[in-house]
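What follows is a single structure, written as structure tokens, with notes after it.
Nothing in this text is a laboratory measurement; each read-out follows from the coordinates by a stated rule. Everything numeric here is computed off the predicted structure, so don't read it as measured data. Don't worry about glycine lacking a Cβ; one is built from the backbone with ideal geometry, like all the others, and counts go over all protein chains shown.
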Amino acid sequence: MNSIATRLLIVAALLLGGGALWLAVRPASPDPMAAPVEPPRPAPPSLNFVPTAIGAVAGPDDRPMVTNLQIADLDQDGLPDVIYCECRDNTVRWIRQAPRGVFTEQVIARDLPAPANVSAADVQGSGRLDVLVACMGQIMPNNDRIGSVVVLENLDNRTFRPRTLLDQTARVTDVRGANLSGHQDGRLDLVVGQFGYAQGETRWMKNLGGWQFESHIVNRQSGTVHTPVADFDGDGRPDFAALVSQEWEEVHLFRNPGSGGEFKDELIWGSTNEDYGSSGLAVADVNRDGRPDLIYTNGDGFDYAVRGHRPWHGLQWLENTGGGNFRFHRVGDFPGAYAPCAADLNGDGFTDLVAVSCFADWNDPQSSSLMAWINDGRQGFTPVPLAHRPIKFVTAAAGDLDGDGVPEIVTGALHAFPPFEHVSNITLWRRQ
Amino acid sequence: MSPRTVQSPPSRRSAIRPLLWILLAALIATGALLGWRQARLARVRAAVPALPAAVPNATLRDLLTAAHVGAAGGDLAAVAELGRLCHANEFRAEAEACWRLLIREQPREARWHYYLADLRRSEGDQAAVEEQLELTVAADPTAAAAWLRLAEMKFKSGRIDAAETGYRRRLELLPGDPYAELGLARIAQLQGRTAETLSRLESLLQHQPKFSAAQNLYAELQAAAGHEDLADLHRWLGREAGRFREADDPWMQEVDARCHEPRRLCHLGVIAYQTYQGDRGRARFEHALALAPTDPLPAEMLGTLLLELGSAAAARDILANGIARAASTPAPLHYFNLSEACRALQQSEPAHRALTDGLRVHPDSPDLLHAHGNLLKADGRIGEAAAAYRRALEVNPAFGEADFALAILLLESNRPDEALRTLDHALGMRPTFPKALLLRARLEMEAGRIENAGRYLLPLLKANPGVPEIRQITANWHLEAGRTIEKKNPAAAEQHYRAGLALVPDDPDLNADLGVQLLIMHRAEEAVPMLEIYRRAQPANPQAALFLGQAYAHNGRIAEARTVLAAGLRDAEQSGQTKTAQSLREILTMLPK
């Protein structure tokens, strides 16, 4: 054997062997593929909220079907009230607080076709708050054009006159008042979300005065659930967002272009999981940076043939990073999550988050129906179950109803599916 | 003599030396290799997750144990099997540990990244999902499923250009793929290129008419363009196409095939069934039932599917066994479907028993109350039947079927006003409930309020423009409405006839009535096509010949008129229709020679 070749062979073998030896005995370096290790969370802060039924009290044999509620001082007497809609009798109801701490319910509209959402707004600049009602026509899945937008015109802070502003349209799930057109006389335009079923829409309706409106459809996807309004891009004009569920599972932003321009549809976030179950979208300044963020639940289970846990159900927030750009953050898991809302629940100066559950495993007594996530001030959230019973909440709002500076939570329950137990209608939760 | 250079032969030692070096190197290499393998084994062993604690059944436990033994022995194929089993059966933490281990050991295998992406997707961890999908397509640029998911992620986070790249890459790999086409259509739509959106959707629907998401989007674009009828049609087509289904995903199918968790199998079975993969759905329900024979849910699902497929006897057996074996209370639908299966088999006593058994455990189930009401009514127990329907409506006021059944019962009991109120209640809760709309329309027509009937039929038609029965019923209504007003308002009658013919162009009566109406209005030329259709539909009807003959005659088509009238005369004489025969004779004599 040629001695040079032999030596080369030896050197190569040594290198190979040495290299392999090094590989075998090298100290373990941090594994870039290792699962991130979360630091241990502190014990969840103690929060105790005590329920009180307000409005029509549900008996054990009743099956309340509340679809939505809002805290609003409807008669502007300085005491926040609760307005809600329900689809058992197809009514809109006002739980008036007067005097403080005393709640009395009255029906302010009957025979509305499946009211799904209520909000209060002074549509015509009358100085009184009207009630905007989104009517689905039928709550359970249906693709027919049976939706409508009804405004309950506030005549004298006691009586309300229904006015149908839009009908024979894809099922309506949200309607809100907002001055999108820059009206100078107090008029408000309307933002309308239309779930439909296979087909749906999102539109805004320009207020022409005299209860005349001009519709502008800005998106034609099915499944719009909520359309919250805020100045998301910080230009001083209200914009609106839309949560589009069904097979899309997206959040869209419609920036207000100013006078004469057209709202442009921008997709700001979406899940690639077509079963994500988008169920609620609301505005809150989560990190208190002065920019409106979006809080967002996914837990819809209306369509499930097999009820039960979906691991992706939960709460998230979309951080407004300025100029209408958003960054997604998961907050936590919560089966059957609905109705995201925000308040400083423990008085530490940070925005905490709340959601309710309609479709948890109710055979498990440990399933939470009302959940809070306490903010550590750096948007690290610790989940705190607030209630396991009653069950099947589909709507909630947070606000200081008794004026003591501590927010209360109000929940509404939809008892459309078994088990028909632990029943409630409207519940006021006070912190102890 | 010159000194000779004497070369000494190489010593044995120097000849052996290289061999020793080689041997030494080989020994080192072998040792190192063994050491490396040992270290890898230790690494793998250390990273293999512990077996999940709460395994729902022995089958899954055995499979997991077998895979775990192999994995603990350092067999990466066994680790992959363990990962798939854990992933499919919702042991997410264990599955994630397997995928991370495999990624470390086999970083170029795309599937491990893809599976990890899927797990992170379930957890809502968007950044990790995207990172893993990028690694997937880097490892395997032909991974079409990953390209689609990646494109969707980019699209849904507003990175349109990157999304377009992903969709186009998917299309290169799977030409004509509807998901990529839909993605590109949506990009065009978001960027305001409406013509391109429409053309992409039209092309997509030409090849994939059952792709519901595209039908729905196309319908709304047509509505936006003011083509409401076309929009209605595509809305209906979209609805008929069924639910949206995710794109086929061979890698995830490998995972799903390893599902042995009964509830998840039921969930997968429902998805398969709802997306027209009934065989796969059935297999999953059967597997779930075999794994959990005392869990009533798989039996309910399988029985319901079999009933819908028309296998009533098999459905009855599965459902009855499910109740007999149930370790927990079966759902109301379980009893209801058992009763329906028995009914389909004409076994009224077992059908009755299934409902009473169900009502014992679910006294407030609207479905059971309604079905029980039907059986009570069939037994002539009218009062009890009405009470059952009313109780069902108390529990669920939007239960249109109960309203409808009660309305029928009230009509049969000669209480029409209450029946109308009941139907109106049904329509208040479900405005397009077809049965209530049809019955309400029929009642209006029977009461002579023909125009009113349209209030119920037209919404039904709008919601179901492609259903032949509803088109025919609405066409019949147009015929009746036209006949009712043709004397007072011929123009309105003509509109009704034409609207009816738009729905059922070959309807003989509508063609006849419109043709005759036009004849009366001296528009014989327009009448001819309708009367020709009428004559073709009823060639032995002398009246059809009479009308068509007159229309021909008025248009100067004398020879054709004579032929038709003569034939009609023969038919009239043969069938004894003397008056018609007389008319035919008179017209024939009046024809110019």
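Only residues that are in contact with a Pro (Cβ under 8 Å, 6 or more places away or on another chain) and either among the aromatic types (Phe, Trp, Tyr) or in a helix (DSSP H, G or I) (or both): list them for segment B:83-133, please.
B:CYS86, B:PHE91, B:ARG92, B:ALA93, B:GLU94, B:ALA97, B:CYS98, B:SER122
Please specify each residue of segment A:140-158 satisfying the condition of being among the hydrophobic types (A, V, I, L, M, F, W, C), surrounded by 22 or more Cβ atoms within 10 Å (Cβ to Cβ) and under 28 Å from B:GLU240 (Cβ atoms). Let's see the steps before the verdict.
We begin by selecting, within segment A:140-158, every residue among the hydrophobic types (A, V, I, L, M, F, W, C); these are A:140, A:146, A:149-152, A:155.
Okay, now just the ones that are also surrounded by 22 or more Cβ atoms within 10 Å (Cβ to Cβ), so A:146, A:149-152.
A:ILE146 - this is the single residue of segment A:140-158 that is among the hydrophobic types (A, V, I, L, M, F, W, C), surrounded by 22 or more Cβ atoms within 10 Å (Cβ to Cβ) and under 28 Å from B:GLU240 (Cβ atoms).
Restricting the search to segment B:377-399, which residues are of a type in the set (A, V, I, L, M, F, W, C) and within 14 Å of chain A (Cβ to nearest Cβ)?
First, the residues of segment B:377-399 that are of a type in the set (A, V, I, L, M, F, W, C): B:378, B:382, B:385-388, B:392-393, B:395, B:398-399.
Of everything in segment B:377-399, those that are of a type in the set (A, V, I, L, M, F, W, C) and within 14 Å of chain A (Cβ to nearest Cβ) turn out to be B:ALA392, B:LEU393, B:VAL395, B:ALA398, B:PHE399.
Could you go through segment B:445-465 and let me know if any residue there is within 14 Å of chain A (Cβ to nearest Cβ), in a loop (DSSP other than H, G, I, E, B), farther than 30 Å from A:ALA416 by Cα and in contact (Cβ under 8 Å) with a residue 60 or more places away in the chain.
Yes, segment B:445-465 contains a residue that is within 14 Å of chain A (Cβ to nearest Cβ), in a loop (DSSP other than H, G, I, E, B), farther than 30 Å from A:ALA416 by Cα and in contact (Cβ under 8 Å) with a residue 60 or more places away in the chain.
Could you tell me which residue of segment B:19-72 is farthest from the chain's Cα centre (by Cα), considering only residues that are more than 9 Å from chain A (Cβ to nearest Cβ), in a helix (DSSP H, G or I) and in contact (Cβ under 8 Å) with a residue 40 or more places away in the chain? It would help to see each step written out before you state the result.
Here is the first cut: in segment B:19-72, the residues more than 9 Å from chain A (Cβ to nearest Cβ) are B:20, B:23, B:41-42, B:44-46, B:48-72.
With in a helix (DSSP H, G or I) added as a condition, the list becomes B:20, B:23, B:41-42, B:44-46, B:58-72.
From what's left, in contact (Cβ under 8 Å) with a residue 40 or more places away in the chain: B:44, B:59-60, B:63.
Values: B:VAL44: 45, B:THR59: 32, B:LEU60: 31, B:LEU63: 34 Å.
That would be B:VAL44.
What number of residues in segment B:200-218 are among the hydrophobic types (A, V, I, L, M, F, W, C) and part of a loop (DSSP other than H, G, I, E, B)?
The first filter runs over segment B:200-218 and keeps only residues among the hydrophobic types (A, V, I, L, M, F, W, C), leaving B:201, B:204-205, B:211, B:213-214, B:217.
Okay, now just the ones that are also part of a loop (DSSP other than H, G, I, E, B), so B:211.
The qualifying residues number 1.
Which of the residues spanning segment B:160-180 are under 25 Å from the mean Cα position of the chain (by Cα), over 19 Å from B:ALA138 (Cα atoms) and in a helix (DSSP H, G or I)? Can you show your working first?
Keep residues of segment B:160-180 that are under 25 Å from the mean Cα position of the chain (by Cα), which gives B:167, B:170-171, B:174-180.
Filter again for over 19 Å from B:ALA138 (Cα atoms), leaving B:175-180.
B:PRO178, B:TYR179, B:ALA180 - these are the residues of segment B:160-180 that are under 25 Å from the mean Cα position of the chain (by Cα), over 19 Å from B:ALA138 (Cα atoms) and in a helix (DSSP H, G or I).
Which condition number in (1) at positive phi; (2) buried (at least 24 other Cβ atoms within 10 Å of the Cβ) is the one that B:ALA146 fails?
Here B:ALA146 clears every test but (1).
Could you count how many residues in segment A:168-193 are outside any strand (DSSP E or B) and not polar (S, T, N, Q)? Working first, answer last.
Filtering segment A:168-193 for residues outside any strand (DSSP E or B) gives A:170-171, A:179-186, A:188.
Subset that is not polar (S, T, N, Q): A:170-171, A:180, A:182-183, A:185-186, A:188.
Number satisfying all stated conditions: 8.
Taking the residues in segment B:224-243 that are more than 10 Å from every other protein chain (Cβ to nearest Cβ) and part of a loop (DSSP other than H, G, I, E, B) as candidates, determine which candidate is surrounded by the fewest Cβ atoms within 10 Å (Cβ to Cβ).
This residue is B:GLY226.
One residue is enough: does segment A:257-269 have a residue meeting the conditions surrounded by fewer than 23 Cβ atoms within 10 Å (Cβ to Cβ), closer than 30 Å to A:LEU414 by Cα and within 14 Å of chain B (Cβ to nearest Cβ)?
The first filter runs over segment A:257-269 and keeps only residues surrounded by fewer than 23 Cβ atoms within 10 Å (Cβ to Cβ), leaving A:257-269.
Checking which are closer than 30 Å to A:LEU414 by Cα leaves us with A:269.
So of that shortlist, the ones also within 14 Å of chain B (Cβ to nearest Cβ) come out as A:269.
Yes - at least one qualifying residue is present in segment A:257-269.
In segment B:130-141, is there at least one residue being surrounded by 23 or more Cβ atoms within 10 Å (Cβ to Cβ), within 13 Å of another protein chain (Cβ to nearest Cβ) and within 26 Å of A:LEU318 (Cβ to Cβ)?
Just the residues of segment B:130-141 that are surrounded by 23 or more Cβ atoms within 10 Å (Cβ to Cβ), to begin with: B:132-133, B:136.
Retained after the next criterion (residues that are within 13 Å of another protein chain (Cβ to nearest Cβ)): B:132-133.
Still in the running and within 26 Å of A:LEU318 (Cβ to Cβ): B:132-133.
Looking for residues that are surrounded by 23 or more Cβ atoms within 10 Å (Cβ to Cβ), within 13 Å of another protein chain (Cβ to nearest Cβ) and within 26 Å of A:LEU318 (Cβ to Cβ), one finds at least one in segment B:130-141, hence yes.
I'd like the residue in segment B:245-262 that is free of Cβ contacts under 8 Å to residues at least 60 places away in the same chain and crowded, with 17+ Cβ neighbours inside 10 Å and, out of all such residues, is nearest to the other protein chains (Cβ to nearest Cβ).
Here the answer is B:GLU246.
In segment B:466-487, what residues are more than 14 Å from chain A (Cβ to nearest Cβ) and either of a type in the set (D, E, K, R) or out of contact with any helix residue (DSSP H, G or I) (no Cβ under 6 Å at 6 or more places or on another chain) (or both)?
Scanning segment B:466-487 gives B:PRO468, B:GLU469, B:ARG471, B:GLN472, B:ILE473, B:ASN476, B:GLU480, B:ARG483, B:GLU486, B:LYS487.
Of all strands (runs of 3 or more DSSP E) completely enclosed by segment A:319-432, which ones contain at least 1 residues that are touching a Phe, Trp or Tyr at 6+ places or on another chain (Cβ under 8 Å), within 14 Å of chain B (Cβ to nearest Cβ) and surrounded by fewer than 17 Cβ atoms within 10 Å (Cβ to Cβ)?
A:325-333
Six or more apart or on different chains, Cβ under 8 Å: which pairs go from a residue in segment B:202-223 that's more than 14 Å from chain A (Cβ to nearest Cβ) to one that's surrounded by 24 or more Cβ atoms within 10 Å (Cβ to Cβ)? Could you list them?
Pairs found: B:GLU202/B:TYR218; B:LEU204/B:ALA185; B:LEU204/B:ALA214; B:LEU205/B:ALA214; B:LEU205/B:GLN215; B:LEU205/B:TYR218; B:GLN208/B:ALA214; B:PRO209/B:GLN215.
Quick one: B:LEU217 ticks every box in (1) touching an Asp or Glu at 6+ places or on another chain (Cβ under 9 Å); (2) crowded, with 21+ Cβ neighbours inside 10 Å; (3) within 16 Å of A:TRP248 (Cβ to Cβ) except a single one, so which number is it?
Unmet condition: (1).
Which one of these is more than 14 Å from chain A (Cβ to nearest Cβ) and free of Cβ contacts under 8 Å to residues at least 12 places away in the same chain: B:ASP75, B:ASP125? Give the steps one after another, and end with the answer.
Numbers: B:ASP125 fails: more than 14 Å from chain A (Cβ to nearest Cβ).
Unique residue meeting the criteria: B:ASP75.
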